[in-house]
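To start, the structure under review is shown below, and the notes come after it.
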Amino acid sequence: MEHMIALVTGASSGIGHEAALALKAQGVTVYAGARRPMPDLQDKGVHALSLDVTDEASLQSAVGTILEREGRIDILINNAGYGSYGAIEDVPLDEAKRQFDVNVFGAMRLTQLVLPHMIANHRGRIVNISSMGGKFSMALGGWYHATKYALEALSDSLRQEVRSFGVDVVLIEPGMIHTEWPKIAAEHLRSTSGLGKYSTIARNFATMLEFAGQGFATDPAVLGETIARAATCRRPRTRYRKGMGALGLIILLSITPDRLVDATIRLFLTHMDQLMELIRPDARASR
């Protein structure tokens, strides 16, 4: 492992941060890319790079820096992404496109830049961080789910294309993880659909996101260890499902009739305020 070189995107916090630490702990030379400074990672021996996955010059600079210093990239962790929630009708197309730029096109462009070097070495591992939301969709998350569905499809195609060149492609499908993601998604949801015809379900869903993210979510270190294992083991699985709700919800929703799923989600979002008040008495004040 000490001779392997990894690039992790979106590494300033959450899953990417923990994946960088877990890989470093295994002896991998880790380059962590993010738009924000990462002094804590640098203090632990991780190389920090300024990286904006939506900027071509930034992507080329990061890859060029690693290749100049190390001569190759063995592992790419495409983790950078965010959740922009809101009714499909309400989300401005510019915001929808930005979410695709970050969650899909940024990851695939970075893959395009790294892949020729992996193929030349006949060795490489590309780990794409998807979501349980890439296997099913819920109201108010349509644009986010669409990016993860796209990442799933692209990863499956890419895996079939590059396996004969010695490159593996792996998908990680996290459940609810204790990171900044639920709070950011809730804020987007309230600002986008908190008023108007979708306001009731939007406020309820936002409260649920925040509550689940704080109270029941899985520690991101668990995902970091899963990613590191998927990136370095000899024969990785094509998919890893880890975190609150990931495996159970994916299986349950895949075997439940669509109309029943729709009705359950509608009931859930309509009466979430009452359920939250039973679970947490101060829930109404937080909405």
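Just so you know, all these numbers are worked out from the coordinates, no wet-lab data involved. Source: prediction; values computed, not measured. Cβ sites come from the backbone with ideal geometry, for glycine too, and all protein chains shown count toward neighbours.
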Q: Scan (i) 1.30; (ii) 1.02; (iii) 1.71 for the value of Cα Rg over 2.2 N^0.38 Å calculated from this model and give just the label.
A: (ii)
Q) Is the shape of region 187-249 rounded, prolate or oblate, going by the alpha carbon gyration tensor and its root eigenvalues a ≥ b ≥ c, with a/c under 1.5 for rounded and a/b larger than b/c for prolate? A) prolate
Q: Taking amide H positions as placed in the peptide plane 1.01 Å from N, state which residues far from Leu49 in sequence (5 or more) or on other chains have amide H under 5 Å from it.
A: Ala32, Gly33, Ala34
Q. Which length gain, in nm to one decimal place, applies between Glu180 and Ser13 when the Cα-Cα distance is subtracted from 0.36 nm times their residue separation?
A. 59.3 nm
(Q) Once you order the gyration tensor axes a ≥ b ≥ c over the Cα atoms, which shape class does region 126-235 get: rounded for a/c under 1.5, otherwise prolate or oblate by comparing a/b with b/c? (A) oblate
Q | Whole-Hz couplings from phi, Karplus 6.51/-1.76/1.60, listed for region 27-41; x for Gly and Pro | A | x, 6, 7, 10, 10, 9, x, 6, 7, 9, x, 9, x, 5, 5
(Q) Defining a contact as two alpha carbons under 8 Å apart and six or more residues distant in sequence, what relative contact order in percent does the chain show? (A) 19 percent
(Q) Whole-Hz ³J(HN,Hα) for each residue in region 49-65, computed from phi via Karplus 6.51 cos²θ - 1.76 cosθ + 1.60 with θ = phi - 60°, x for glycine and proline: what do you get? (A) 10, 6, 8, 10, 6, 9, 10, 4, 5, 5, 4, 5, 5, 5, 5, x, 4
Q: Quick one: grab the alpha carbon gyration tensor of region 15-143, order the square roots of its eigenvalues as a ≥ b ≥ c, and give me rounded if a/c is under 1.5, else prolate or oblate depending on whether a/b is larger than b/c.
A: prolate
**Q.** Amide hydrogen neighbours beyond the local backbone of Asp168, cut-off 5 Å, H modeled
**A.** Gly124, Arg125, Ile126
Q) Based on DSSP H runs of at least 4 residues, each adding -39500 (n - 2.57), what is the mean residue ellipticity at 222 nm of the chain after dividing by all its residues, to the nearest 500 deg cm²/dmol? A) -16500 deg cm²/dmol
Q.
If packing is taken as the average number of other Cβ atoms within 10 Å across a peptide's residues, how do 114-122, 73-81, 251-259, 20-28 rank, most packed first?
A. 73-81, 20-28, 114-122, 251-259
